[in-house]
Amino acid sequence: MRVRQGNVRDWPFMYSLGKDVIPVSISPWRKQPMEDTLKYREKILKGFWTWIQQTDSKVFIAETEKEEPAGYLVLYPSSREELTGILQAWVMDLAVLPKFRHLGIGRSLMEAAEQYCREQGINYLGLAVSSHNLNALHLYEKLGFAEERKLMVKVLNQEK
C-alpha cells in the first residue's frame, strides 16, 4: 500500500466512493429518506473537485501495489479555527473502500496528511466525525486526536 498525491484523474473514484460512504457517515439523529440524502450528497460532490482546486486543497490517494485505489483523503490546509483564528488544516473528507477497511489505509492517509502539515509548518489538524461512527472515532483517538468541542443537535419535530 502506498499513498500519493491525487489529481483530477482520481476524481471518478473519489466521486463514486464519496457517495458510497454516506450510510456509515450520517448521524442517526437525521431522519430523512436515504434517497434524499444521496441526492444532496451528489449535488455537493458535483462541485467538490472545483472547490478542491480553488482552495488549493490537497488530495491523498491510497492504492494497492497493483495501483488499485483503496481510499482517499481531502485536506484543506488553509482553515482557521473558529474561535481563535489560528491556522489549521482540516480533513474535509476521508473514505476507504469497504474491502480495504481495517487494514491501516485510513491510518496511512491520515499520516500522509499529518506529514504534509508538518512540512508546511501547520501546527494543528482538525476534523469532524459522527459520534456514532465508532471505527472512525477509535482510529482518530489512536492517532492522538482529542475531543475539543461537541456539536449537538435536538430533534424538534418528530416525524410520525
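Among the candidates 147, 119, the residue that is assigned to a loop (DSSP other than H, G, I, E, B) and charged (D, E, K, R) is uniquely 147. The test for being out of contact with any Lys or Arg (no Cβ under 7 Å at 6 or more places or on another chain), open to solvent by 70 Å² or more (accessible area, probe 1.4 Å) and not in a helix (DSSP H, G or I) holds for residue 65.
Would you check if there is a residue in the stretch 47-56 being under 30 Å from residue 157 (Cα atoms) and surrounded by 14 or more Cβ atoms within 10 Å (Cβ to Cβ)? Within the stretch 47-56, not a single residue is under 30 Å from residue 157 (Cα atoms) and surrounded by 14 or more Cβ atoms within 10 Å (Cβ to Cβ).
What are the residues in the stretch 7-21 that are touching a residue at least 24 places away in the same chain (Cβ under 8 Å) and under 15 Å from the mean Cα position of the chain (by Cα), if any? Hits for the stretch 7-21 are 11, 13, 14, 15, 17, 18, 19, 20, 21.
Evaluate the following for residue 30: is it loosely packed, with under 11 Cβ neighbours inside 10 Å and among the basic types (Lys, Arg)? When the stated conditions are applied, residue 30 passes them.
Consider the stretch 18-49 and keep the residues that are touching a Lys or Arg at 6+ places or on another chain (Cβ under 8 Å) and not β-branched (Val, Ile, Thr). The one that is nearest to residue 72 (Cα to Cα) is 18.
Of all residues in the stretch 1-13, those being in contact with a strand residue (DSSP E or B) (Cβ under 8 Å, 6 or more places away or on another chain) and either in a loop (DSSP other than H, G, I, E, B) or closer than 14 Å to residue 68 by Cβ (or both) number 8.
Matching residues to (1) in contact (Cβ under 8 Å) with a residue 40 or more places away in the chain; (2) surrounded by fewer than 18 Cβ atoms within 10 Å (Cβ to Cβ):
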site: 104; (1), (2): yes, yes
site: 107; (1), (2): no, yes
site: 112; (1), (2): yes, no
site: 115; (1), (2): no, yes
site: 118; (1), (2): no, yes
site: 121; (1), (2): no, yes
site: 131; (1), (2): yes, yes
site: 140; (1), (2): no, no
site: 148; (1), (2): no, yes
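If you go through the stretch 1-27 and keep only what is open to solvent by 60 Å² or more (accessible area, probe 1.4 Å) and of a type in the set (S, T, N, Q), you end up with just 5.
The values are calculated or read from the model by the stated rules, or taken from the named source; none is laboratory data. Computed from a prediction, not measured in an experiment: that's the story for all the values here. A quick note on method: Cβ atoms are made from the backbone with ideal geometry, for glycine too, and the neighbour counts reach across all protein chains shown. For accessibility, only protein heavy atoms count, side chains too; no ligands or nucleic acids. Shrake-Rupley method; radii C 1.70, N 1.55, O 1.52, S 1.80 Å.
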